[in-house]
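The values are calculated or read from the model by the stated rules, or taken from the named source; none is laboratory data. Computed from a predicted structure; not experimentally measured. Ideal geometry is used to build each Cβ from the backbone, glycine not excepted, and the neighbour counts take in all protein chains shown.
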Amino acid sequence: MPSLTLEATGIPEEVEAGDPTNRRVELMLGALASAVLLFIAGMIIFTLIKAWPSFANNGLAWFGAGGNVDQQLSDIFNSPADPADYVYELRAWPLIWSTILISGLSVVFATFIAVFSSIFIVHFAPTALQKLIEPVVKYLAAVPSVVYGLIGILVIVPWINNNLITEQMRASVAYVIQLDGSSVMAATMILTVMILPIMIALIVDSLRAVPLNWREGALALGVNKWRAVRTVSVRAIRPAIVAAAVLATARALGEAIMLAMVAGSIGFAPNPFDGILFLFEPSRPLAPSILDGEEGLSVVPFGETMYAFGFILIVSCVFFSFSGWAIRQSLSRYGIGAR
Amino acid sequence: MISGAGKKRTRRVRKPRKKGAKGVWSIGDRIGLGIAWITGIFLCVVAFSVTIYLAVKGISYINLDVLTSRPEAGVEQSETGGFLDPMIGTVLLTVLGTAIAAPIGVGIAIWLTEYGRPASLARFVEAGVEMLVGAPSIALAIFGLLIFQTSFMAPFSFTAEGGAVFGRSFFAAGAIMSLIALPFVVGGTREALNSIPKHVREASFALGKDQASTIRRVLLPASRAGIATGTTLGMAQIIGETAVVVVLLGASLQLAPEGAIPVLDIFKGTGSTLTSYVYINSPAGEGKAPEKAYAAAFVLLLIVIALNVMVNQITKRGQHKWG
């Protein structure tokens, strides 16, 4: 890709230095661009300052498990008005675990589906179908999350409740939680569909950028088309697949509305070692926890706890976005990057 | 007989060598190809079932009354009114957010492609814009609340008698929404600017124009289509965003103007949009009117489809051909 930065365009000296207006324009636009960085830095710092009492009062135990997280949150919400008596005790592990579990599962499924469907779109789909799928992917990306959530809560959750959860399952966990269909499974299913388009867009772009003669080399050696694609193209774009998965993770972590509607509003950590049952258990990740607690933000200690959740989310999302960006940068160095 | 059999055999040998079927296909390859087909068709099935389901549900509950009446408080679904106010809210918020995001986004894109020095700063800005895409909207929303609840920002929202600033208004929500649309505007503009060949810039310099006027007179007009695409994509993001609305626009379903100045009072007040209307009326919210939630979701989907078609049209028609 030809780079069009200043060095490459080779703007003559007299143009560059010519006019003070030009210099002013550059400085103004540069300041505007730097404001984005300042904003992100400010967001992280101020959220941390606001959240600090919650972290400071709990220490590292904040991230640990212990007690009922919903009970702790309601104690914080009901803490006395005197600042000296504020309650901060919180063990947020169930919420963190739920975030990891739901985003992790969806990213795993979505990566699998995205790789295969991208191969299909680029190399195997008949032209007519290809022309249909590409707008379909764009459309899936554009559907608002609240619409996915509405379908989830009115269609998928009742379906899971009626068809997949047996009375036996209900009885086996009745003393801990109620199973009503709002579950890790419903959340994972919908979240997978929601993050798929981002991944497909990236993977399709980089599959297209793999030079044809690389594959032709393989074909000339007598392997079939599937082998050629799998062993040459997919291998060449492995960093793009990783980047797509990482960026999709950032998206999945930040999803609040759909999960608040579908995952069940109980701070509970489903245990995968319980067998398949954990899929049907409700749980509530960090982002929907903030949304649920939105009305209590003005209660000082409760608000500070919510900002602590927000801080964890921002930091992890910034980390994932940055790594995804960095991986993609390394790709474009080899000329098959997806810009 | 013998020659006939020979013909058959050659035919059998040639058959698999038809287009796309070169080489030997092992079981694993066939399974892989099968999965690829299934996943591809799965995408179409999901998209069509979502659309058709919402269309059937939506059309059966939508009527002129729902579209033109304001939301009311009520126990029964028949008493809760329609979603006129949320529709107005969606329009207001989209206009406000886009109006802030478009100029800033275009400015950043120009700086990144045309100036971009020092190079390290440009790379950081690029990464920063990328991070805005990944930033969780709920975190942006509560950070927005943090900003707009300071007394410095009091003119932008409702202030209680004790001096506490409410921090929730169309202004607050619009400002944060602009950040959600920003990366899309930057992306669209950058793509357009990058596709302008460098000899166009050189021609302009040769005519004695400096860089600033080259940007204004040559590059910006040429990248109109890209800017429009980016802005439309950003608008779609704003229209679909819920978390920011729920946190920053207040929970009132009706528009609640604040203050005495005619137009500004609406922006200073609270309200709702179609997305928050769907959320509040679904079983996850107060759950009073799932039928109206379906109708509103259908309207939302129609807007999204319309915007998607618009983007396609712009990219198809607006592509500038450089010789």
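Listed here are the residues, each with its yes/no results for (1) at pLDDT 50 or above; (2) under 30 Å from B:Val304 (Cβ atoms).
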| position | (1), (2) |
| --- | --- |
| B:Lys15 | no, no |
| B:Lys18 | no, no |
| B:Asp29 | yes, no |
| B:Gly40 | yes, yes |
| B:Ser60 | yes, yes |
| B:Leu64 | yes, yes |
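The criterion of being surrounded by 18 or more Cβ atoms within 10 Å (Cβ to Cβ), touching a Leu at 6+ places or on another chain (Cβ under 6 Å) and either in contact (Cβ under 8 Å) with a residue 40 or more places away in the chain or assigned to a helix (DSSP H, G or I) (or both) does not hold for A:Ala248.
Taking segment B:241-286 as the region of interest, the helices (runs of 4 or more DSSP H) fully inside it that hold 1 or more residues being among the acidic types (Asp, Glu) are B:264-268. Checked against (1) crowded, with 20+ Cβ neighbours inside 10 Å; (2) more than 10 Å from chain B (Cβ to nearest Cβ); (3) modelled with pLDDT under 95, A:Ala110 passes all but condition (3). Only one residue in B:Gly167, B:Gly174 is part of a loop (DSSP other than H, G, I, E, B) and surrounded by 23 or more Cβ atoms within 10 Å (Cβ to Cβ), so which one is that? Within the list B:Gly167, B:Gly174, the selection yields B:Gly167. Among the residues of segment A:205-224, the one identified as part of a helix (DSSP H, G or I), surrounded by fewer than 23 Cβ atoms within 10 Å (Cβ to Cβ), in contact with a helix residue (DSSP H, G or I) (Cβ under 7 Å, 6 or more places away or on another chain) and in contact (Cβ under 8 Å) with a residue 24 or more places away in the chain is A:Arg208. Among the numbered criteria (1) without any contact (Cβ under 8 Å) to a residue 60 or more places away in the chain; (2) away from chain A (no Cβ under 11 Å); (3) assigned to a helix (DSSP H, G or I); (4) aliphatic (A, V, I, L, M), which one does B:Ala225 miss? So the condition that B:Ala225 fails would be (1). Which residues, counting only those in segment A:262-317, are aliphatic (A, V, I, L, M), outside any helix (DSSP H, G or I) and at the interface with another protein chain (Cβ under 9 Å from one of its Cβ atoms)? Scanning segment A:262-317 gives a single hit, A:Leu297.
Among the residues of segment A:152-183, those identified as surrounded by fewer than 24 Cβ atoms within 10 Å (Cβ to Cβ) and either under 23 Å from B:Pro136 (Cα atoms) or within 14 Å of another protein chain (Cβ to nearest Cβ) (or both) are A:Leu154, A:Val155, A:Ile156, A:Pro158, A:Trp159, A:Asn161, A:Asp180, A:Gly181.
Residues checked against (1) at the interface with chain A (Cβ under 7 Å from one of its Cβ atoms); (2) more than 16 Å from A:Trp325 (Cα to Cα); (3) among the aliphatic types (A, V, I, L, M):
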residue: B:Tyr115; (1), (2), (3): yes, yes, no
residue: B:Pro118; (1), (2), (3): no, yes, no
residue: B:Arg123; (1), (2), (3): no, no, no
residue: B:Glu130; (1), (2), (3): yes, no, no
residue: B:Ser137; (1), (2), (3): yes, yes, no
residue: B:Ala141; (1), (2), (3): no, yes, yes
residue: B:Phe148; (1), (2), (3): no, yes, no
residue: B:Gly167; (1), (2), (3): no, yes, no
residue: B:Phe171; (1), (2), (3): no, yes, no
